[in-house]
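All remarks here apply to the structure that follows.
The values are calculated or read from the model by the stated rules, or taken from the named source; none is laboratory data. Because the structure is predicted, anything quoted here is derived from the model rather than measured. FYI the Cβ positions are ideal-geometry reconstructions off the backbone, even for glycines, and counts take in every protein chain you see. With ligands, DNA and RNA removed, areas are computed over all heavy atoms of the protein, side chains included. Shrake-Rupley method; radii C 1.70, N 1.55, O 1.52, S 1.80 Å.
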Amino acid sequence: MHPRLKLALIRHTGEKGFATVIAAGIGLVMILVGLTMTIRSQGDVALSSTQKNTSRALLAAEVGVSRYQNLINKARPIAYYPDCVAARSGTGSCTDSGNTVISWKNASNIPGVTTTTCGNSPITTPTQITTNISYTPQVVDGNASYRLISYTYSGIRPSD
């Protein structure tokens, strides 16, 4: 072995400064772990917010479906007719009118509506049906809301 290399190795075998290198290494590892946890927690916060909004939207949809099912159960003859026949307005409201158009909007033209006796507290007048239909958003929980977009019966209608 070269004498100068041997001398250099003997002189540098002490542990002076080794603790500083270890401390700096551990500090670097701790900083990396901290940054990783910060980035992951930001992702979790965003995911949590998205799940909360999704949950609210699902709640609003379920409430809307339940309310319209209840309306149909209380006034069963309307189940066979669409909510709207004519073109809708810019706000989504139904523009049905006249004595020949049969829809939820013109509930007085639906046979059997005035004699509905189904369910608890039956809806017995066409006015009660049209006031229970909402084409504008109905707030359920904070920001979440539902509204009727359309209803169409696709089965076979019994004879009137």
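Just to be sure I understand the model, the point goes 7 Å from the Cα along the line to the Cβ. What's the resulting residue 139 to residue 2 distance in nm?
8.2
So which residue, out of 112, 92, 27, gets the largest mean-square fluctuation from a GNM of the chain using Cα contacts under 10 Å as springs?
27
Taking the Cα centre of the chain as origin, sum charge times position over the Cβ atoms of Lys and Arg (+1) and Asp and Glu (-1), and report the length of that vector in debye to the nearest 20.
860
Using only the alpha-carbon atoms, how far is helix 18-74 inclined from the longest principal axis of the chain? Give it as 0 to 90 degrees, nearest 10.
10
Please find, in a Gaussian network model of the chain (springs between Cα atoms separated by less than 10 Å), the residue of 100, 20, 127 whose mean-square fluctuation is greatest.
20
Please report, as a whole percent, how much of the solvent-accessible surface of the chain comes from carbon and sulfur atoms (probe radius 1.4 Å).
On the way: 6720 of 11460 Å².
Carbon and sulfur together cover 59 percent of it.
Tell me, what ³J(HN,Hα) does each residue in the stretch 139-147 have, in order and in whole Hz, if you take phi through Karplus 6.51 cos²θ - 1.76 cosθ + 1.60 with θ = phi - 60° and put x for Gly and Pro?
Each residue's phi maps through the Karplus curve to give 6, 10, 9, x, 8, 6, 8, 9, 7 Hz.
Calculate the spin-label point distance for residue 20 paired with residue 40, positioning each point 7 Å from the Cα along the beta-carbon direction, and give it in nanometres.
The answer from the label model is 3.4 nm.
For the chain, what does the accessible surface come to per residue with a 1.4 Å probe? Please give it in Å².
About 72 Å² of surface per residue is accessible.
Pick out, from 71, 98, 45, the residue whose Cα sits farthest towards the positive end of the charge dipole of the chain, with +1 on the Cβ of Lys and Arg and -1 on the Cβ of Asp and Glu.
Projecting each Cα onto the dipole axis, the largest value belongs to 45.
Divide by every residue of the chain the summed helix terms, -39500 (n - 2.57) for each DSSP H run of at least 4, and state the resulting mean residue ellipticity at 222 nm, rounded to the nearest 500 deg cm²/dmol.
Calculated at 222 nm, the ellipticity per residue is -16000 deg cm²/dmol.
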